[in-house]
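Engineer: Can you read through this structure? Questions will come right after.
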Number of protein chains: 4
Amino acid sequence: MKALVYHGPGKYGWEEKPRPSIQEPTDAIVRITHTTICGTDLHILKGDVPAVRPGRLLGHEGVGVIEEVGEEVEAFKPGERVLISCITSCGRCDFCRKNMYAHCRNGGWILGHLIDGTQAEFVRIPQADNSLYKLPPGLDEAVAVMLSDILPTGHEIGVRNGEVKLGDTLAIVGAGPIGLACLLTAHFYSPAEIIMVDIDENRLEVARNLGATQVVREDPVRRVLELTENEGVDVAIEAVGLPETFDICQSIVKPGGHIANVGVHGKPVEFHIEALWIKNITLRTGLVNTDTIPLLLKTLKAGRLDPGRLVTHSLKLDEIERAYAVFGNAEREKAIKMLLVAAH
Amino acid sequence: MKALVYHGPGKYGWEEKPRPSIQEPTDAIVRITHTTICGTDLHILKGDVPAVRPGRLLGHEGVGVIEEVGEEVEAFKPGERVLISCITSCGRCDFCRKNMYAHCRNGGWILGHLIDGTQAEFVRIPQADNSLYKLPPGLDEAVAVMLSDILPTGHEIGVRNGEVKLGDTLAIVGAGPIGLACLLTAHFYSPAEIIMVDIDENRLEVARNLGATQVVREDPVRRVLELTENEGVDVAIEAVGLPETFDICQSIVKPGGHIANVGVHGKPVEFHIEALWIKNITLRTGLVNTDTIPLLLKTLKAGRLDPGRLVTHSLKLDEIERAYAVFGNAEREKAIKMLLVAAH
Amino acid sequence: MKALVYHGPGKYGWEEKPRPSIQEPTDAIVRITHTTICGTDLHILKGDVPAVRPGRLLGHEGVGVIEEVGEEVEAFKPGERVLISCITSCGRCDFCRKNMYAHCRNGGWILGHLIDGTQAEFVRIPQADNSLYKLPPGLDEAVAVMLSDILPTGHEIGVRNGEVKLGDTLAIVGAGPIGLACLLTAHFYSPAEIIMVDIDENRLEVARNLGATQVVREDPVRRVLELTENEGVDVAIEAVGLPETFDICQSIVKPGGHIANVGVHGKPVEFHIEALWIKNITLRTGLVNTDTIPLLLKTLKAGRLDPGRLVTHSLKLDEIERAYAVFGNAEREKAIKMLLVAAH
Amino acid sequence: MKALVYHGPGKYGWEEKPRPSIQEPTDAIVRITHTTICGTDLHILKGDVPAVRPGRLLGHEGVGVIEEVGEEVEAFKPGERVLISCITSCGRCDFCRKNMYAHCRNGGWILGHLIDGTQAEFVRIPQADNSLYKLPPGLDEAVAVMLSDILPTGHEIGVRNGEVKLGDTLAIVGAGPIGLACLLTAHFYSPAEIIMVDIDENRLEVARNLGATQVVREDPVRRVLELTENEGVDVAIEAVGLPETFDICQSIVKPGGHIANVGVHGKPVEFHIEALWIKNITLRTGLVNTDTIPLLLKTLKAGRLDPGRLVTHSLKLDEIERAYAVFGNAEREKAIKMLLVAAH
């Protein structure tokens, strides 16, 4: 089969590789029909994630068709359409029983990281019963693939961790794919105001179209305070991963408010506890558990969520090298999510 | 009347001052029968709290008897015994309606800070209806005074903010008065293990007597991980207020765990988001709201709480200068809480 | 002034009465600009609420302008536009501190019940600081009056008590004004499906227009089970107040589901605990607290709620006798909410 | 092997039966060391549970040693000591993922009900990975067996469903085994008062010893209201299963309070919604999920729970017929829990 192979920092190729086969009785083999590229994949290519070794097949998002299942797999049969969770979970360990699949003792984020991933014609999915979700009939696979990672991450780590609720004023710092996924799923909880902060005018325009009530491009702390009559926001979501954007969140959260960190950070940040100790704030961090995938699927099926609006580019799966190039210049290319579709 | 007057960093005296009188129709005048000294009072004496101006009467904890009430006070009459909350609250503003009295727009922490306090024979309490609590008959005033600040702070900002729950492993970093108040009130929620961390052997001995299941004096991170089979703790309470002790908390919290900051910090801390972003942790800060005073009074009356065990020294109110001297050498004097009793 | 006077079962009139005046320093006098008629008012007219004595001025909903305030009122000044809560609350008692205003020891539902109400040119509002809400500039009074009672009741007692949440299947039994208020506010929490049950085709049509995803007119239990593949619903809201409609809710709720009772019941119901004891269900009852009025006002101001869609008839305040006649034949007249507007 | 065989209403015997064997790869065979008799077993013997067919081996509580495991069992090995949950759960279905194991689509309460149970020398446990719990070293098996059903039921369906919390006034109606299990586990949440209601003086005496602060034997509604200054209780737990005791709960719950039904009811009850509709109460029903077994094991291991105090009689496993006779006359025999110990 063909697959996207990582060859160390900066080097990758769409190459011939052996088709994966069942290794454990709980495995399934999935033929990929749709996949996408995550910001994390770019980090891997830069060499920022040393646990990813050369030779690894990348990708942790995907939709496909069950090709084969191990003998202990009970929930799936060949031919069924499935959504692949970016998180592998056994369903039995103490963390899984608390729905903290991100910390599964027999899984977690391993696809395209510690084992071969989904940017390939076929992928092996361990712990298949707990790590795959049946696609309801009629659901568009090109849209459903957004539920592998980005939508649950925005929803769980941004919106739910931030405890966004009815009537809130919410600020999302960063209008990239993940910030926009926060925006899309924040609507579920009916905040009164959603202020989107970014430096890219195009992304702010997209945010406006997706329901942001205010956008801020310059001097964000001053501007957000102005918009909130100096009260600050109920919830600030950090969706970038830099000390500067984390700082903005610290400066705009009101007493009793929440900061939800979604950005992936490479170094420590300065936490202004000398000012915040008295402000009764809550700060949460997290890797997605994807325990809300079933809810998101129901919502998608009910026509109450349209993550397809995040897709700016659609290419064939074997054009994935070009897709990486475009996504690597996301700002210039006005790219948000790259959709990759396998030929049938 | 006599009162403890602050005269700028390092200078204070027990001096004659005019008795306070009703200024607003919502005020009450309380004759103090019992008060105590808070660690914050020592910070003020060091000059760390510049908002406290020379001439200010200190103290924000106390029990006493209503002497006089303004004409709009409905809940209290002269002669009634009352507990004074360290937090003044109007009960009407948006924060008060959410029980966030610490952020009351017409109050908050003002006693012994922005207005004259409770280390005096008499004190004026603004917003009396919402800032005083009737003492149930039979309750010991010398014990009840622990409910003005330290018990609610330990309970609300340490234990409740840390979401301590049945079966948890809890670490409290700092076994001073506030850490011990966390310990006393943590029992309400039945954690399985309570690990107390401090460098003072005497305080750890007190902690053991108050129900700590483990105490740690040296090499705290390594030792706590050892005690938890390298899993870390469900909840870490920071009860000191230094970057070093905050760091311990960051290093021992397990995935999905909680850090509750109770310590008063004078400078920023380094937050290890590069490691914690993936650990799904919750960090909370806060100034006490004292909204749990009614619960704590019920619990005290039911005989299920014994905060009197925190009192190591009992003196007469007019010996308060000596009490400050002892409390200023708390470690050497083995002092935890200083009780000051007015002569009748 | 003119007011709607109750003269015992079936008898009422729009008559000249003395203008109310300040009785307590916490009172305010409000000049009514908009009011409406509640289903409860019809119950009173039938004699079902014996606590309402002849001579009482009816009405507990209204918007108006502050005419005069008592000397202890701090939050309002003459000339300000206010929304009147149907619930009077002191803000100080134990229930108020828990935001259970319905059970305020110095208030609760008293307007148009135990004291004179809002279907009048002027009304006296006790405990004004806690029982009135400032109308933000630009808000339409004709719409805001829906926030006195019906919207908070649907929201708090139907939707919040039912714990409607993302992806849920919700059934609302009864598509009268209160059932439709449940429907309007259920959208805040993004259920996947909302099934509306009623016997009135017109009301079901209105429900469809307000976002019901399914409507059921006949054989409701069988039909709802069919629509849910025999699983039942996550939440069933009883919005009628009869044993038969309560029974429907018991029969359609799934294991782990919620029943929220909003209907006003005159007699006991049979609770099928012999079947439900094993189903892990939660049943809640309640009188509205109106603690969510501030949230609803923010949401209204943000353009995310349109309760004006419930208004089917708009009359002048002095046409209120005719409004009662129309509302008394709600089904035939296709009446949902009657708006009454004072002449300026 | 020997086992307790049900032969239809009133008939049972300790008889020779074939040893169970692995039927599914997810099964385990457990050699029973300790078991007990549940009130439900008496209901079965009376013929109240028609799903139990003659020939069935009874019992759903037990501790034992793994004898053999199917090839898909990953968490257990022969020789390990295990606690058997009364609830079988697959861990994969939608209900299991919400920790609602009682409603597992591939399990639920089946032991000693739909399949052979634990009152036998050996038992087959389906879905072993999710339905068994490892016993920590040092834990007394005679005590741990109380965690199969009665302690989790009291804890989850009584105490947690009743939302018992710090400072509450709690009434438990019924001081039989399950009421006393509610009492033991209520202490975890530190209510201020626990009022125990029963007609059996001996059981009330036991309740007093286990920490009830008040006991009530006669005229319970009047007496509980008296004890609560006519306020009623925050939480009422129904632990009997009769209309009369359900009625007591309805009459003593205060506004905003909770009723948790633990009793097994054979017929409908009258729900006084005409009085309760306005009282903002919450009523919950439920079959135990046993999702708190891990917490209870930790608490037991930490020495913070002593369910052994419920055991009034200890017999050998082959004396189980006599144990049934004693338990059938529980009041006269002063029996609470019967412990049955297998010979080694």
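Read-outs throughout are calculated quantities, based only on the coordinates presented, and are distinct from any laboratory measurement. The structure displayed is predicted, hence computed values, not measured ones. As a convention, Cβ positions derive from the backbone with ideal geometry for all residues, glycine included, and neighbour counts pool all protein chains shown.
Engineer: Can you give the mean number of other chain Cβ atoms that lie within 10 Å of the Cβ atoms in peptide B:294-300? Provide the component values of the computation, followed by the final result.
Structural biologist: Numbers: counts 4, 6, 2, 2, 7, 5, 2.
Shielding by partners across B:294-300 averages 4.
Engineer: Still on this structure, I have one more. Mind jotting down a quarter of the surface of the convex hull over the alpha carbons of the range A:180-310, in square nanometres, one decimal?
Structural biologist: Details: hull surface 34.7 nm².
Averaged projected hull area, Cα only: 8.7 nm².
Engineer: Taking the Cβ-Cβ separation of A:Glu229 and D:Arg208 as r and a Förster radius of 60 Å, what is the calculated FRET efficiency to the nearest 0.05? It would help to have the intermediate numbers written out before the result.
Structural biologist: Values: r = 58 Å, r/R0 = 0.97.
Calculated transfer efficiency: 0.55.
Engineer: Kindly provide the helix-only [θ] at 222 nm of the protein assembly as shown, computed as the sum of -39,500 (n - 2.57) over DSSP H runs of four or more divided by all residues, to the nearest 500 deg cm²/dmol? Let's see the in-between values first.
Structural biologist: Working: 52 runs with 344 residues, N = 1376.
Calculated mean residue ellipticity at 222 nm is -6000 deg cm²/dmol.
Engineer: Along Cα→Cβ, 7 Å out, is where each label goes; now give me the distance between the ones at D:Leu114 and A:His43 in nm to one decimal.
Structural biologist: Modelled inter-label distance: 4.5 nm.
Engineer: Something else about it: Using a simple spin-label model with points 7 Å from Cα along the Cα→Cβ vector, what separation in nm is obtained for B:Ser314 and A:Glu201?
Structural biologist: So the label points at B:Ser314 and A:Glu201 sit 7.5 nm apart.
Engineer: Here's something else I'd like to know. Say we join alpha carbon atoms closer than 10 Å with springs in a Gaussian network model of chain D; which of D:Pro137, D:Pro220, D:Pro191 then has the biggest fluctuation?
Structural biologist: The residue with the greatest mean-square fluctuation here is D:Pro137.
Engineer: Which of the aspartates and glutamates could a cross-linker bridge to B:Lys2, judged by Cα under 20 Å and excluding same-chain residues fewer than eight apart?
Structural biologist: B:Glu15, B:Glu16, B:Asp41, B:Glu61, B:Glu67, B:Glu68, B:Asp116, B:Glu121, B:Asp318, B:Glu319, B:Glu321
Engineer: In whole Å, what three semi-axes, largest first, describe the equivalent ellipsoid of chain A built from its Cα gyration tensor (square root of 5 times each eigenvalue)?
Structural biologist: Working: eigenvalues 235, 87, 72 Å².
They are 34, 21, 19 Å, listed from largest to smallest.
Engineer: Taking N as the number of residues in the range A:157-252, what value does Rg over Cα atoms divided by 2.2 N^0.38 Å take?
Structural biologist: Taking the Cα Rg and dividing by 2.2 N^0.38 Å, one obtains 0.93.
Engineer: Could I ask something else about it? First obtain the Kirkwood hydrodynamic radius of the range D:1-152 from its Cα pairs, then insert it into the Stokes-Einstein equation at 20 °C and 1.002 mPa s, and state the resulting D in µm² per second as a whole number. Working shown, then result.
Structural biologist: Working: Rh = 15.4 Å.
The calculation lands on 140 µm²/s.
Engineer: With viscosity set to 0.692 mPa s and temperature to 37 °C, compute the Stokes-Einstein D of the protein assembly as shown, Rh being the Kirkwood radius across alpha carbon pairs; µm²/s, no decimals.
Structural biologist: Values: Rh = 33.8 Å.
For the chosen part, D equals 97 µm²/s.
Engineer: Averaged across the residues of B:260-271, what count of C-beta atoms belonging to other chains lies within 10 Å of each residue's C-beta? Walk me through the numbers before you get to the answer.
Structural biologist: On the way: counts 0, 5, 1, 2, 4, 8, 3, 4, 9, 8, 5, 13.
Other-chain Cβ atoms within 10 Å of each residue's Cβ, averaged: 5.
Engineer: Sum up the charges of everything whose Cβ sits under 14 Å from the Cβ of D:Gly308, counting Lys and Arg as +1 and Asp and Glu as -1, but leave D:Gly308 out. Walk me through the numbers before you get to the answer.
Structural biologist: Numbers: positive: D:Lys301, D:Arg304, D:Arg309, D:Lys337; negative: D:Asp140, D:Glu141, D:Asp306.
Around D:Gly308, the charge tally is +1.
Engineer: Right, here's the next one. Taking a temperature of 20 °C and a viscosity of 1.002 mPa s, what whole-number D in µm²/s does Stokes-Einstein yield for the range B:223-297 with Rh from Kirkwood over alpha carbon pairs?
Structural biologist: 160
Engineer: Between 0 and 90 degrees, rounded to the nearest ten: what's the tilt of helix D:243-252 against the longest Cα principal axis of chain D?
Structural biologist: Tilt of helix D:243-252: around 50 degrees.
Engineer: Now a separate question. Along Cα→Cβ at 7 Å, what distances in nm separate the A:Gly79 label point from those on the other copies, shortest first?
Structural biologist: Those separations, rounded to one decimal, come out as 4.7, 7.8, 8.9 nm.
Engineer: I've got another one for you. For peptide D:194-201, what's the mean number of Cβ atoms from other chains within 10 Å of each residue's Cβ? Show your work: numbers first, answer last.
Structural biologist: Working: counts 1, 0, 0, 0, 0, 0, 0, 0.
Mean inter-chain Cβ contacts per residue within 10 Å come to 0.
Engineer: So, one more: Just list whichever of A:Lys98/D:Lys17; A:Lys165/B:Lys337; A:Lys301/A:Lys337 have alpha carbons separated by over 32 Å in the model shown. Walk me through the numbers on the way to the answer.
Structural biologist: Values: A:Lys98/D:Lys17 40 Å; A:Lys165/B:Lys337 41 Å; A:Lys301/A:Lys337 21 Å.
Pairs exceeding the cut-off: A:Lys98/D:Lys17; A:Lys165/B:Lys337.
Engineer: Shortest first and in nm to one decimal, what separations exist between D:Lys316 and its copies in the other chains, measuring from label points 7 Å along the Cα-to-beta-carbon line?
Structural biologist: For D:Lys316, the inter-copy label distances come out at 7.6, 8.0, 9.8 nm.
Engineer: Across all directions of projection, what mean area in square nanometres is found for the Cα convex hull of the range B:117-213?
Structural biologist: Working: hull surface 32.1 nm².
Its average projected convex-hull area is 8.0 nm².
Engineer: Note down the net charge around D:Gly176, summing +1 for each Lys or Arg and -1 for each Asp or Glu among other residues with Cβ under 11 Å from its Cβ. Write down the numbers at each step before the final one.
Structural biologist: On the way: positive: D:Arg203, D:Lys337; negative: D:Asp198, D:Asp200, D:Glu331.
Around D:Gly176, the surrounding residues sum to -1.
Engineer: Sticking with this structure for a sec: Ranked highest first by average number of other Cβ atoms within 10 Å, how do C:267-280, B:147-160 line up?
Structural biologist: On the way: C:267-280: 19.1, B:147-160: 27.4.
Taking the mean over residues of other Cβ atoms within 10 Å, the ranking is B:147-160, C:267-280.
Engineer: Between copies, how close do the A:Glu15 label points come, placed 7 Å along Cα→Cβ, listed in nm from shortest?
Structural biologist: In ascending order, 7.0, 8.3, 9.6 nm.
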